[in-house]
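> Just dropping this structure here.
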Amino acid sequence: MAITTGSKPFGELVYVWELPIRVSHWVLFFAILILSATGFYIGHPFIDVPGEAKDHFVMGMARAIHLYTAIVFSLATLARIYWFFAGNKYVRLGEYIPLSARRWRSLWTTLAYYSFLRRDPEIYVGHNAIAAGSYLGIYLIYLLMIATGLALYTVIASAGSPFQIFGFLVPVFGGLQVARLIHHIGMWIIVLFVVMHIYFVVLASIVEHIGTFDSIISGYKFVPDQEADLS
């Protein structure tokens, strides 16, 4: 189906992001905001509430919100990883690893564009090679955050808690202090990624005119006919 405005064709309207992808994307986005805020408070309490009991209540509330949001975050991450294998051709794992000659060309073409050595960006139906590689890397960090978070939680989990089975992760990371440091660094990497992700999405939406931002809500992108044919 060719989409037109007046006499100028935008190209094919392609369904790129399936519903589970869009839902997991937004769940992860809001979970990251909540986890970053509560995690920062847990590490550096900045709310001064008179009275010892009230202090404990604020910290306890922050820990509870952090825990339940972490569970949601973990489930959304696992759902997205599952969709690496169950999703359409735009979100399968092969798209995130430059295995084909076209993906390698996309890698260098996109790098040249981001380095201001190329005027026009490559219009790719799914993710370009650099974006795909960064997403794969961030999901690996998500898994690391889940693992270190489970290791840290075993210390405060009750004796009968099912989370105690993850106690083996503490020595895997070299102790609680190392796990906490990795968890803290991971948080800032994810925050930096979110900022850069928003910037590049806005940039792509302004420059490429293919509905990059809208697509994560609707699932559809406007793609030039020749690119749609290659997808």
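> Out of the residues in the stretch 105-153 that are part of a loop (DSSP other than H, G, I, E, B) and touching a residue at least 40 places away in the same chain (Cβ under 8 Å), state the one that is farthest from Trp83 (Cα to Cα).
It comes out as Pro121.
> Let me ask something additional. For Leu152, are the conditions met, namely being among the aliphatic types (A, V, I, L, M), under 19 Å from His25 (Cα atoms) and either at pLDDT 95 or above or touching a helix residue (DSSP H, G or I) at 6+ places or on another chain (Cβ under 7 Å) (or both)?
Here the answer is no, as Leu152 does not meet what is asked.
> Going through the stretch 87-99 one residue at a time, which ones are surrounded by fewer than 17 Cβ atoms within 10 Å (Cβ to Cβ) and in contact with a helix residue (DSSP H, G or I) (Cβ under 8 Å, 6 or more places away or on another chain)?
Lys89, Arg92, Leu93, Ile97 - these are the residues of the stretch 87-99 that are surrounded by fewer than 17 Cβ atoms within 10 Å (Cβ to Cβ) and in contact with a helix residue (DSSP H, G or I) (Cβ under 8 Å, 6 or more places away or on another chain).
> Separate question: Among the residues of the stretch 79-104 satisfying the criterion of being outside any helix (DSSP H, G or I) and small (Gly, Ala, Ser), which is farthest from Ile123 (Cα to Cα)?
Gly87
> Being under 30 Å from Ala64 (Cβ atoms) and surrounded by 15 or more Cβ atoms within 10 Å (Cβ to Cβ) is the requirement here; does Ile165 meet it?
no
> While we're looking at this one, here's another question. Return the only residue of Ala151, Ala132 being within 15 Å of the chain's Cα centre (by Cα) and crowded, with 19+ Cβ neighbours inside 10 Å.
Step by step, each of Ala151, Ala132 is checked, and only Ala132 is within 15 Å of the chain's Cα centre (by Cα) and crowded, with 19+ Cβ neighbours inside 10 Å.
> I'd like the full set of residues that are assigned to a helix (DSSP H, G or I), modelled with pLDDT under 85 and either surrounded by 13 or more Cβ atoms within 10 Å (Cβ to Cβ) or not aliphatic (A, V, I, L, M) (or both), limited to the stretch 41-58.
Glu52, Lys54, Asp55, His56, Phe57, Val58
> Looking at (1) modelled with pLDDT under 90; (2) among the aromatic types (Phe, Trp, Tyr); (3) closer than 29 Å to Leu19 by Cα; (4) in contact with a Lys or Arg (Cβ under 9 Å, 6 or more places away or on another chain), find the lone condition where Tyr113 falls short.
(3)
> Moving on. For the stretch 118-128, state whether one or more residues are within 13 Å of the chain's Cα centre (by Cα) and aromatic (Phe, Trp, Tyr).
no
> While we're looking at this one, here's another question. Determine the pairs where a residue that is among the acidic types (Asp, Glu), located within the stretch 166-189, has a partner that is modelled with pLDDT under 95 with Cβ atoms under 6 Å apart, the partner being 6 or more residues away or on another chain.
none
> Hey, does the stretch 214-222 have a residue that's free of Cβ contacts under 8 Å to residues at least 40 places away in the same chain, in contact with a Gly (Cβ under 9 Å, 6 or more places away or on another chain) and surrounded by 12 or more Cβ atoms within 10 Å (Cβ to Cβ)?
Within the stretch 214-222, one or more residues are free of Cβ contacts under 8 Å to residues at least 40 places away in the same chain, in contact with a Gly (Cβ under 9 Å, 6 or more places away or on another chain) and surrounded by 12 or more Cβ atoms within 10 Å (Cβ to Cβ).
The values are calculated or read from the model by the stated rules, or taken from the named source; none is laboratory data. All figures in this text were calculated on a predicted structure; none of them were measured in a lab. Counting neighbours? That spans all protein chains shown, and the Cβs are built from the backbone with ideal geometry, glycine included.
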